[in-house]
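Participant: What follows is a structure written as structure tokens; I'll ask about it next.
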DNA sequence: GAACAGCATTCCTACTATTGGAACACAAGG
DNA sequence: CCTTGTGTTCCAATAGTAGGAATGCTGTTC
């Protein structure tokens, strides 16, 4: 969609993105050049430039590169400007302790949604989510908690697209999804068993702003086999938290 | 220091950095161009390129730019790969040389804490700690440096348990411990004389992560009889180190 | 211990892609 | 309705990048 772009800058951005995607901490010049189809010389120049700005750092011994302090500052700057985060983050540990399961916070990013924080309980078998990864709005508790509280037009538009299947339990039929969403609105929270992630289950409820729109979603989630027995208690604790936060955003 | 750089990429990086520095969430093209001495056209091209990679997003209404999801993922990727040990271990020899005493690194393991590394000075009478042995959180400098910076709930929970006596100097009274912890938080470091180990004394301070939680503790310790004369100087050197490391973990 | 392999880094010229002034479009405010 | 401030596009000049090849370095193999 962006119109006037600069190829050099896009390639440089690709290098940066590769650091975020790669599971490994460090990347070498050759490795980057091959995976991006660039020449080693070009990759090296870009890395040297990023290095001068602290975006990446060079380990002098291994001659390999990793992300730098500036990269971290970018991430924290992004999170700082999300004010619902400041409001909700302190609630997650309390919710996790109360329920004995993982509590998460998500925000919407267009037609997707990402976890931006989580608090995990202190026990052996726990569930942990991936922060920063976009997920579709129709699969899983947190996603459906967003979708259910969007406007009728937005829901219709979203459901008219092709809906990705993430697990065998993902619902992709628009009719069945609409029934789900109606129930979610009536109960005030969404429940999901293995819709986004096999073996996982969750309850999720939105924090509504003064327009009644979902500013964020909190979920309580855990391993599916034991979670079902706790689901009702989790939902009660969850709603108590989200109702209070919604009120703080001016929702009544 | 970097040798072969690419001017275009450096300018692009400067734009990115500006988003992290600026207190405001959004920036406009003109604003960026003027503050960086670039032409509006160049800034616009760079932003368009970053936009295609999700590093920045454009608010269609206000025509202003802010950081995007990819920026957050960079920050989280940086934080993920930070292994406190790798960060702090190289600092221990320097701290030991500077103070003439032993420098140690501890991490928490639930309701206990273990030394995972140490650096000893080159002199005849030195103190040496046992790596890998769990110690309780209420006795000794390193332990109390952890305890003091946990959440109020965690402290209360810990103090409600029965507290082991390790030496005649160990404090086990919850009231006196709370007074200790308050002082530690105010000074930024903990001091202990023979609380965990007879004949030993130490100062200890936490490395705090971006949540303000203690990721690790560094201590400087030595034989009690001579250590007291050096304690203030050791604390100063210690805090200089831990403050810098906390910043690298995103604490501010 | 010498030859080798694999890596990062530098060099240098052809040439492609960026540059930036100016023109344009659009919105808000006087 | 004109003005002033945006962000965006256009285009020719040229400055800066690209990339193949050479170099230097490190660690490994025989």
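Participant: So is residue B:158 over 24 Å from residue A:94 (Cβ atoms) and touching a residue at least 40 places away in the same chain (Cβ under 8 Å) or not?
Facilitator: Spelling it out, it is not the case that residue B:158 is over 24 Å from residue A:94 (Cβ atoms) and touching a residue at least 40 places away in the same chain (Cβ under 8 Å).
Participant: For the list (1) at pLDDT 85 or above; (2) within 20 Å of the chain's Cα centre (by Cα); (3) within 14 Å of chain A (Cβ to nearest Cβ), I need the number of the one condition that residue B:66 fails.
Facilitator: (2)
Participant: Give the residue, chosen from A:125, A:129, A:114, A:133, that is in contact with a strand residue (DSSP E or B) (Cβ under 8 Å, 6 or more places away or on another chain) and in a strand (DSSP E or B).
Facilitator: Going through A:125, A:129, A:114, A:133 in turn, the sole match is A:114.
Participant: Does the range A:39-54 hold any residues that are more than 7 Å from chain B (Cβ to nearest Cβ) and either buried (at least 20 other Cβ atoms within 10 Å of the Cβ) or away from DNA strand C (no atom under 11 Å from the Cβ) (or both), and which are they?
Facilitator: If the condition is that a residue be more than 7 Å from chain B (Cβ to nearest Cβ) and either buried (at least 20 other Cβ atoms within 10 Å of the Cβ) or away from DNA strand C (no atom under 11 Å from the Cβ) (or both), then A:43, A:47, A:54 are the ones that fit.
Participant: Looking at B:140, B:100, can you tell me which residue is farther than 22 Å from residue A:128 by Cβ, surrounded by 17 or more Cβ atoms within 10 Å (Cβ to Cβ) and touching a strand residue (DSSP E or B) at 6+ places or on another chain (Cβ under 9 Å)?
Facilitator: Answer to the selection: B:140.
Participant: Only residues that are within 12 Å of DNA strand D (Cβ to nearest atom) and assigned to a loop (DSSP other than H, G, I, E, B): list them for the range A:39-71, please.
Facilitator: A:39, A:60, A:61, A:62, A:63, listed by residue number.
Participant: Here's something else I'd like to know. May I ask you to say which residue of A:145, A:201 is in contact with a strand residue (DSSP E or B) (Cβ under 6 Å, 6 or more places away or on another chain) and outside any strand (DSSP E or B)?
Facilitator: Just a single option satisfies the conditions, and that option is A:145.
Participant: I've got another one for you. Just to be sure, is residue A:200 farther than 30 Å from residue A:22 by Cβ, surrounded by 20 or more Cβ atoms within 10 Å (Cβ to Cβ) and not assigned by TED's automatic domain parsing to the domain that holds residue A:22?
Facilitator: Here the answer is no, as residue A:200 does not meet what is asked.
Participant: Okay, next question. Of the numbered conditions (1) in contact with a helix residue (DSSP H, G or I) (Cβ under 7 Å, 6 or more places away or on another chain); (2) within 16 Å of DNA strand C (Cβ to nearest atom); (3) on the phi > 0 side of the Ramachandran plot, residue A:132 fails exactly one; give the number of that condition.
Facilitator: With (1) in contact with a helix residue (DSSP H, G or I) (Cβ under 7 Å, 6 or more places away or on another chain); (2) within 16 Å of DNA strand C (Cβ to nearest atom); (3) on the phi > 0 side of the Ramachandran plot applied to residue A:132, the lone miss is (2).
Participant: Within the range A:21-30, restricting attention to residues that are part of a loop (DSSP other than H, G, I, E, B) and away from DNA strand D (no atom under 12 Å from the Cβ), which residue is surrounded by the fewest Cβ atoms within 10 Å (Cβ to Cβ)?
Facilitator: A:23
Participant: Can you tell me which of (1) within 12 Å of DNA strand D (Cβ to nearest atom); (2) buried (at least 18 other Cβ atoms within 10 Å of the Cβ); (3) not in a helix (DSSP H, G or I) is the one residue A:4 doesn't meet?
Facilitator: Single failed check for residue A:4: (2).
Participant: Inspect all residues belonging to the range B:75-90 and state whether any of them is outside any strand (DSSP E or B) and more than 18 Å from residue A:57 (Cβ to Cβ).
Facilitator: no
Participant: List every residue pair whose Cβ atoms sit under 7 Å apart, with the two residues 6 or more apart in sequence or on different chains, where the first one lies in the range B:1-13 and is within 20 Å of residue A:73 (Cβ to Cβ) and modelled with pLDDT of 80 or more and the second, anywhere, is more than 9 Å from DNA strand C (Cβ to nearest atom) and in a loop (DSSP other than H, G, I, E, B).
Facilitator: Close Cβ pairs (under 7 Å, with a partner that is more than 9 Å from DNA strand C (Cβ to nearest atom) and in a loop (DSSP other than H, G, I, E, B)) amount to B:10/A:53; B:13/A:53; B:13/A:55.
Participant: Turning to a different aspect of this structure: Residues in the range B:31-38: is at least one part of a loop (DSSP other than H, G, I, E, B), assigned by TED's automatic domain parsing to the domain that holds residue B:63 and within 9 Å of DNA strand C (Cβ to nearest atom)?
Facilitator: yes
Participant: Going by what's in this entry, would residue B:73 be described as facing chain A (nearest Cβ under 7 Å) and touching a helix residue (DSSP H, G or I) at 6+ places or on another chain (Cβ under 6 Å)?
Facilitator: yes
The values are calculated or read from the model by the stated rules, or taken from the named source; none is laboratory data. Worth saying up front: this structure is predicted, and the values here are computed from it rather than measured. Here Cβ is always computed from backbone atoms with ideal geometry, including for glycine, and neighbour counts include all displayed protein chains.
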